[in-house]
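Encoded as C-alpha cells, the structure appears first; notes follow it.
Where a number appears in this text, it was derived from the coordinates with a stated rule and is not lab data. Here the structure is a predicted model, which means the values were calculated and not measured. Every residue, glycine as well, gets a Cβ built from its backbone with ideal geometry; the counts of neighbours run over all protein chains shown.
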Amino acid sequence: MTEPSIFTRILNGDIPGEIVASTGKFFALRDIAPQAPVHLLAIPKTEEYRNVVELAAGDPELLAELIAFAKQLAEDHADGDFRLVFNTGANAGQTVAHVHGHILLAA
Ligand code: AMP
C-alpha cells in the first residue's frame with residue numbers, strides 16, 4: 001500500500017497545514033510557499049488521480065467540479081478572477097503526485 005500524500009496527511013490532521021475550505025469532494029490549502037499574494041491549492045479528497053491528465057481521462061465530471069470549486073475560492077478570497085495552474089510531471093515542476101490546482105489571486 002502506498003503512503004498517503006502530504007495533502008492527505010494534512011487533511012487527516014497528521015501534519016499541520018492551513019485548510020481554508022472543505023467540501024464533500026474537495027479541500028483547499030494555503031500554499032506554504034506562495035507565488036502570488038493569495039496562493040491556494042484546490043485538491044480532490046481522492047488520491048486516485050496523480051495529475052490533471054489522469055483526472056480528465058478518469059473522471060471529467062470531477063475535474064469540472066474542481067474548477068467550480070476553484071471559482072468559489074476565488075470569489076471567497078478575492079474578486080473572483082483567478083489563475084489556475086496544474087503542474088503536470090516532474091519536469092514541469094510537479095512535486096506532489098496527488099492532483100491539485102494552484103489558484104493564484106491578486107489579493
Ligand atoms: P506542485 O509543485 O505543483 O506539485 O505543487 C506542490 C505545492 O505544494 C507547492 O507549491 C508547495 O509549496 C506546496 N506545499 C508543499 N508542502 C506544503 C504544506 N505542508 N502546506 C502547504 N503547501 C505545501
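The set of residues in the stretch 1-17 being within 7 Å of the ligand (Cβ to nearest atom) and touching a residue at least 12 places away in the same chain (Cβ under 8 Å) consists of Ile6, Ile10, Gly17.
The set of residues in the stretch 45-95 being surrounded by 12 or more Cβ atoms within 10 Å (Cβ to Cβ), of a type in the set (S, T, N, Q) and under 27 Å from Ala106 (Cα atoms) consists of Asn51, Gln72, Asn87, Thr88, Gln94.
Only residues that are more than 10 Å from Asn51 (Cβ to Cβ) and near the ligand (Cβ under 8 Å from one of its atoms) were counted across the stretch 69-95, and they come to 3.
Every residue in the stretch 65-90 that is among the charged types (D, E, K, R) and either outside any helix (DSSP H, G or I) or over 12 Å from Leu40 (Cα atoms) (or both), please.
Here is the first cut: in the stretch 65-90, the ones among the charged types (D, E, K, R) are 65, 71, 75-76, 79, 81, 83.
Selection gives Glu65, Glu75, Asp79, Asp81, Arg83.
Here is a check on your reading of the model: is Val20 outside any loop (DSSP other than H, G, I, E, B) and either of a type in the set (Asp, Glu) or within 13 Å of the ligand (Cβ to nearest atom) (or both)? For Val20, the condition - outside any loop (DSSP other than H, G, I, E, B) and either of a type in the set (Asp, Glu) or within 13 Å of the ligand (Cβ to nearest atom) (or both) - is met. State yes or no: is Asp31 within 12 Å of the ligand (Cβ to nearest atom), acidic (Asp, Glu) and surrounded by 15 or more Cβ atoms within 10 Å (Cβ to Cβ)? Yes.
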